[in-house]
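The values are calculated or read from the model by the stated rules, or taken from the named source; none is laboratory data. Since we're looking at a predicted model, the values are computed, not measured. All Cβ positions, even for glycine, are placed from backbone atoms using ideal geometry, and neighbour counts span all protein chains on display.
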Amino acid sequence: MEINDPATLAEVTAAFERYEVALTGNDVETLDELFLPSAQTIRYGITENLYGIEAIRAFRKARPSQGLARSLENTVITSYGRDMAIAATLFRRASAPGRIGRQMQTWVRTADGWRVAAAHVSVIDEPA
């Protein structure tokens, strides 16, 4: 298995960047598109545990559209072969001083492009 095939890494990076723009712009349609449309898709959030694309879609529709701006740090995207990758990043929001967010996504290649099959988002106190 090849780790970080340049072409695969470029594709996943572009998908990740598209996701970030959609997230901070509350583009629910694009966010839904970028998650694998499956009952097996999972998203663990800051206050929610979502199992299946329908639960994820319902969360997105009900989510407040204010305060979504954030800055990313230490983003690492690693591809494993040509069909799977992990994206990990830290994020900060001006509205949450002293806190740091962590996000991990498992991306898989589908016939329709790269999709998030699993995601985890958490926020912790800034480590000393």
Open item on the list: Can you go through Ala39, Ala111, Ala55, Ala119 and tell me which one is touching a strand residue (DSSP E or B) at 6+ places or on another chain (Cβ under 6 Å), at pLDDT 95 or above and among the small types (Gly, Ala, Ser)?
Closed with: Ala119
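Test Phe91 against the stated conditions and say whether it is touching a Lys or Arg at 6+ places or on another chain (Cβ under 7 Å) and either modelled with pLDDT of 95 or more or assigned to a loop (DSSP other than H, G, I, E, B) (or both).
Numbers: touching a Lys or Arg at 6+ places or on another chain (Cβ under 7 Å): yes; either modelled with pLDDT of 95 or more or assigned to a loop (DSSP other than H, G, I, E, B) (or both): yes.
Yes; evaluated as a whole, the condition is true for this residue.
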TODO: Output the residues belonging to the stretch 4-38 that are closer than 25 Å to Ala62 by Cβ, surrounded by 14 or more Cβ atoms within 10 Å (Cβ to Cβ) and of a type in the set (Asp, Glu).
DONE: Glu20, Asp27, Asp32, Glu33
Task: Candidates Ile46, Ile86, Ile77, filtered to the one that is within 24 Å of Val123 (Cα to Cα) and at pLDDT below 95 - done: Ile46
Task: Output for the stretch 46-77, where each listed residue is closer than 22 Å to Ala15 by Cα, in a loop (DSSP other than H, G, I, E, B), under 14 Å from the mean Cα position of the chain (by Cα) and not charged (D, E, K, R) - done: Leu68
Open item on the list: Considering only the stretch 23-32, I want to know if a residue exists there that is within 13 Å of the chain's Cα centre (by Cα), under 17 Å from Phe91 (Cβ atoms) and of a type in the set (D, E, K, R).
Closed with: no
